[in-house]
Amino acid sequence: MDLVHFIFLRVHYAPDWGAMTAIDYCLVGFNLVEALIWFGCAAYVVRRNAMIHRSPLEWAYAALFVLFGLTDIVETLQVSSPLIWIKLFVLIPLFVVRSKVLGSYEPRPKLV
(Lines give C-alpha, C1' and ligand atoms only; values in the text may rest on other atoms or scores of the structure.)
Protein backbone atom coordinates (compact mmCIF):
# COMPACT_ATOMS: atom_id res chain seq x y z
CA MET A 1 0.00 0.00 0.00
CA ASP A 2 1.48 3.32 -1.00
CA LEU A 3 1.06 6.68 0.70
CA VAL A 4 -1.28 8.13 -1.96
CA HIS A 5 -3.69 5.23 -1.52
CA PHE A 6 -3.59 5.57 2.26
CA ILE A 7 -4.19 9.34 2.21
CA PHE A 8 -6.84 9.51 -0.51
CA LEU A 9 -8.48 6.11 -1.12
CA ARG A 10 -8.27 3.78 1.88
CA VAL A 11 -11.35 2.49 3.68
CA HIS A 12 -10.35 2.61 7.35
CA TYR A 13 -13.45 1.07 8.90
CA ALA A 14 -16.67 -0.53 7.71
CA PRO A 15 -18.96 -2.38 10.10
CA ASP A 16 -19.75 -6.00 9.38
CA TRP A 17 -23.54 -5.83 9.61
CA GLY A 18 -23.81 -9.59 10.03
CA ALA A 19 -21.46 -9.73 13.02
CA MET A 20 -21.80 -6.44 14.88
CA THR A 21 -19.87 -6.09 18.14
CA ALA A 22 -20.69 -3.75 21.01
CA ILE A 23 -18.10 -1.28 19.73
CA ASP A 24 -19.71 -1.32 16.28
CA TYR A 25 -23.11 -0.56 17.79
CA CYS A 26 -21.60 2.28 19.83
CA LEU A 27 -19.84 3.80 16.81
CA VAL A 28 -22.92 3.59 14.59
CA GLY A 29 -25.16 4.94 17.35
CA PHE A 30 -22.77 7.76 18.16
CA ASN A 31 -22.60 8.85 14.52
CA LEU A 32 -26.39 8.78 14.19
CA VAL A 33 -26.82 10.87 17.35
CA GLU A 34 -24.14 13.26 16.13
CA ALA A 35 -25.96 13.60 12.78
CA LEU A 36 -29.20 14.39 14.63
CA ILE A 37 -27.40 17.11 16.60
CA TRP A 38 -26.09 18.70 13.38
CA PHE A 39 -29.58 18.54 11.85
CA GLY A 40 -30.93 20.16 15.02
CA CYS A 41 -28.37 22.96 14.70
CA ALA A 42 -29.46 23.46 11.08
CA ALA A 43 -33.12 23.59 12.14
CA TYR A 44 -32.30 26.16 14.82
CA VAL A 45 -30.44 28.34 12.30
CA VAL A 46 -33.30 28.11 9.79
CA ARG A 47 -35.85 28.99 12.49
CA ARG A 48 -33.75 31.90 13.75
CA ASN A 49 -33.26 33.14 10.20
CA ALA A 50 -36.97 32.93 9.41
CA MET A 51 -37.96 34.77 12.59
CA ILE A 52 -35.26 37.42 12.91
CA HIS A 53 -32.73 37.96 10.15
CA ARG A 54 -33.72 36.62 6.74
CA SER A 55 -30.09 36.46 5.70
CA PRO A 56 -28.82 34.38 2.75
CA LEU A 57 -25.64 33.76 4.72
CA GLU A 58 -27.65 31.93 7.39
CA TRP A 59 -29.16 29.67 4.72
CA ALA A 60 -25.61 28.71 3.74
CA TYR A 61 -24.80 28.18 7.43
CA ALA A 62 -27.77 25.82 7.81
CA ALA A 63 -26.88 23.98 4.60
CA LEU A 64 -23.35 23.38 5.87
CA PHE A 65 -24.76 21.91 9.09
CA VAL A 66 -26.95 19.57 7.01
CA LEU A 67 -23.98 18.54 4.86
CA PHE A 68 -21.89 17.81 7.93
CA GLY A 69 -24.75 15.74 9.37
CA LEU A 70 -24.97 13.79 6.12
CA THR A 71 -21.27 12.97 6.36
CA ASP A 72 -21.94 11.48 9.79
CA ILE A 73 -24.66 9.28 8.32
CA VAL A 74 -22.21 8.10 5.65
CA GLU A 75 -19.73 7.48 8.47
CA THR A 76 -22.10 4.86 9.90
CA LEU A 77 -21.53 2.86 6.71
CA GLN A 78 -17.79 3.33 6.39
CA VAL A 79 -14.94 5.57 7.40
CA SER A 80 -12.66 6.21 4.45
CA SER A 81 -10.02 8.71 3.47
CA PRO A 82 -12.31 10.44 0.93
CA LEU A 83 -14.97 10.85 3.64
CA ILE A 84 -12.45 12.44 5.99
CA TRP A 85 -11.42 14.87 3.23
CA ILE A 86 -15.08 15.70 2.50
CA LYS A 87 -15.71 16.34 6.21
CA LEU A 88 -12.72 18.69 6.24
CA PHE A 89 -13.95 20.54 3.14
CA VAL A 90 -17.35 21.02 4.80
CA LEU A 91 -15.95 21.92 8.23
CA ILE A 92 -13.65 24.71 7.04
CA PRO A 93 -16.45 26.69 5.32
CA LEU A 94 -18.67 25.97 8.33
CA PHE A 95 -16.19 27.76 10.61
CA VAL A 96 -15.74 30.63 8.12
CA VAL A 97 -19.50 31.17 7.75
CA ARG A 98 -19.93 30.81 11.51
CA SER A 99 -17.47 33.64 12.15
CA LYS A 100 -19.29 35.85 9.62
CA VAL A 101 -22.71 35.06 11.13
CA LEU A 102 -21.47 35.70 14.66
CA GLY A 103 -19.88 38.93 13.44
CA SER A 104 -23.25 40.08 12.16
CA TYR A 105 -24.84 39.52 15.58
CA GLU A 106 -22.05 40.97 17.68
CA PRO A 107 -19.39 42.83 15.71
CA ARG A 108 -17.08 43.20 18.73
CA PRO A 109 -14.35 40.52 19.12
CA LYS A 110 -15.09 37.75 21.59
CA LEU A 111 -12.83 35.53 23.65
CA VAL A 112 -14.83 32.39 22.79
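The values are calculated or read from the model by the stated rules, or taken from the named source; none is laboratory data. None of the values given here were measured: they were computed from a predicted structure. So basically every Cβ, Gly included, is an ideal-geometry build from the backbone, and we count neighbours across all protein chains shown.
In the range 1-47, how many residues are under 30 Å from ALA62 (Cα atoms) and at pLDDT 90 or above?
So the count comes out to 23.
Does VAL101 meet the test of being modelled with pLDDT under 95, farther than 30 Å from ALA14 by Cα, over 11 Å from the mean Cα position of the chain (by Cα) and crowded, with 17+ Cβ neighbours inside 10 Å?
For VAL101, the condition - modelled with pLDDT under 95, farther than 30 Å from ALA14 by Cα, over 11 Å from the mean Cα position of the chain (by Cα) and crowded, with 17+ Cβ neighbours inside 10 Å - is met.
Considering the range 44-83 alone, what residues qualify as being hydrophobic (A, V, I, L, M, F, W, C), touching a His at 6+ places or on another chain (Cβ under 8 Å) and part of a helix (DSSP H, G or I)?
Hits for the range 44-83: nothing passes.
Could you say which residue among LEU32, LEU88 is surrounded by 13 or more Cβ atoms within 10 Å (Cβ to Cβ) and aliphatic (A, V, I, L, M)?
Checking each option against the conditions leaves just LEU32.
Taking the conditions exactly as written (surrounded by 14 or more Cβ atoms within 10 Å (Cβ to Cβ) and modelled with pLDDT under 90), does VAL79 satisfy them or not?
yes
What number of residues in the range 1-27 are of a type in the set (Val, Ile, Thr) and under 20 Å from SER81 (Cβ atoms)?
Selection size over the range 1-27: 3.
Would you pick out the residues in the range 76-107 that are among the hydrophobic types (A, V, I, L, M, F, W, C), closer than 20 Å to PRO56 by Cβ and in contact with a Leu (Cβ under 9 Å, 6 or more places away or on another chain)?
Matches in the range 76-107: VAL90, LEU94, VAL97, VAL101.
Mind checking which pairs have a first residue in the range 80-103 that is touching a residue at least 40 places away in the same chain (Cβ under 8 Å) and within 20 Å of VAL46 (Cα to Cα) and a second that is part of a helix (DSSP H, G or I) and of a type in the set (Asp, Glu), Cβ under 8 Å, 6 or more apart or different chains?
As it stands, the answer is VAL101/GLU58, since those pairs meet every condition given.
Tell me yes or no: at least one residue of the range 22-41 is assigned to a loop (DSSP other than H, G, I, E, B) and free of Cβ contacts under 8 Å to residues at least 24 places away in the same chain.
No, the range 22-41 has no match at all.
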